[in-house]
There are 2 protein chains.
Amino acid sequence: MTPNLDSQITERLALDGLRFTRGRREVVEALLASDGPMSANELSDVLGDGVPLSSIYRSLAILTDAHILTVHLATKGLARYELSEWLVGHHHHLVCTECGSVEDIHVSASHEERLREVVDAVASVASFIPSSHALEIDGRCAQCQ
Amino acid sequence: MTPNLDSQITERLALDGLRFTRGRREVVEALLASDGPMSANELSDVLGDGVPLSSIYRSLAILTDAHILTVHLATKGLARYELSEWLVGHHHHLVCTECGSVEDIHVSASHEERLREVVDAVASVASFIPSSHALEIDGRCAQCQ
DNA sequence: CCTATAATGATAATGGTTATCGTTATTGAA
DNA sequence: TTCAATAACGATAACCATTATCATTATAGG
């Protein structure tokens, strides 16, 4: 993890009187190494016995409350988490309807501009104040073809 | 429910040797009357004791398997269902981060065209074969401002 | 009318997630 | 450094949406 990212998270947690402990750091580092959101169980598989499942769940809840993680709910009955966009940049998701995997994707600035126009137009009609948006594309991933 | 929609669903179910029974029809009609996806519990509240919760759950599973309903997972630990797009048209979602409600929205043809361009461009780069897409906009709904 | 099969409804079981609680670690003040 | 006060931890129990079970009922076709 870059020193910059580390201090960003540490400072954000401090705002709520929280600490960036080893268990929480391990969760963040595992998510950082992943190319998509991970569930509590998937994190547990990666982190092993060093970080108990109950602690993973609590860390996920606390980090999400502190806006360091964002929850993603593509698969039924399974919450997956990833670093929030203010830490790792804006992106969208490719959701494989075959294997359930979720892949992060970035779109070009010009495409992103088009998306934002659509978002703003649609939200204003509904008197809705948008805070974020994501394009979710369902289909078959490269592995499942 | 229009006779046309009714026969579309009846015929689709018949393909799998399934019947469009009263319980399933009540679920479909409640979803049709709603302006957004509904959970099993929300359906139970609307339908009352006439349709037991266990039957609602099974109807939702069967109708989803038959591609008559589509599941939507914006709220943690809660699956909401709505009529599939081939029955009611393509649309997107406004998800209120305050109250958890989900509202269907339609975008203009020109805006939809822009979205499709972005989807196609992004998917091809990732060797992903898109089957559907949805723009999900998070924010505050008109009631929660 | 009869039989095979679909559908139902009450209930039990499942599984991801959350809450509890006693213990441990860390921070800030004296 | 020592001493609270509070945050964090870890094992376990509880929760709750959802799914499976199974005996009963309804429907369609021969």
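The values are calculated or read from the model by the stated rules, or taken from the named source; none is laboratory data. No experiment lies behind these values; they were computed from the predicted model shown. As a convention, Cβ positions derive from the backbone with ideal geometry for all residues, glycine included, and neighbour counts pool all protein chains shown.
Here are a few things to note about the model shown:
- Sole exception among (1) within 16 Å of DNA strand C (Cβ to nearest atom); (2) not assigned by TED's automatic domain parsing to the domain that holds A:Arg12; (3) not acidic (Asp, Glu) for A:Ser39, by number: (2)
- Note on the stretch A:103-142: residues that are more than 23 Å from B:Val71 (Cβ to Cβ) and more than 7 Å from chain B (Cβ to nearest Cβ) amount to 11.
- Selection within the stretch B:11-43 - hydroxyl-bearing (Ser, Thr, Tyr) and exposed (fewer than 14 other Cβ atoms within 10 Å of the Cβ): B:Thr21
- A:Ser127 being over 15 Å from the mean Cα position of the chain (by Cα) and within 16 Å of DNA strand C (Cβ to nearest atom): no
- A residue that is charged (D, E, K, R), facing chain B (nearest Cβ under 7 Å) and touching a helix residue (DSSP H, G or I) at 6+ places or on another chain (Cβ under 9 Å) occurs nowhere in the stretch A:83-102.
- Filter result for A:Ser54 (within 25 Å of B:Leu135 (Cβ to Cβ) and surrounded by fewer than 17 Cβ atoms within 10 Å (Cβ to Cβ)): no
- Filtered by the rule that a residue be surrounded by 13 or more Cβ atoms within 10 Å (Cβ to Cβ) and either at positive phi or free of Cβ contacts under 8 Å to residues at least 12 places away in the same chain (or both), the stretch B:92-115 gives B:Gly100, B:His111, B:Arg114.
- Restricting A:Glu29, A:Glu11, A:Glu82 to those that are within 16 Å of DNA strand C (Cβ to nearest atom) and either over 30 Å from B:Pro130 (Cβ atoms) or of a type in the set (Phe, Trp, Tyr) (or both) reduces the list to A:Glu11.
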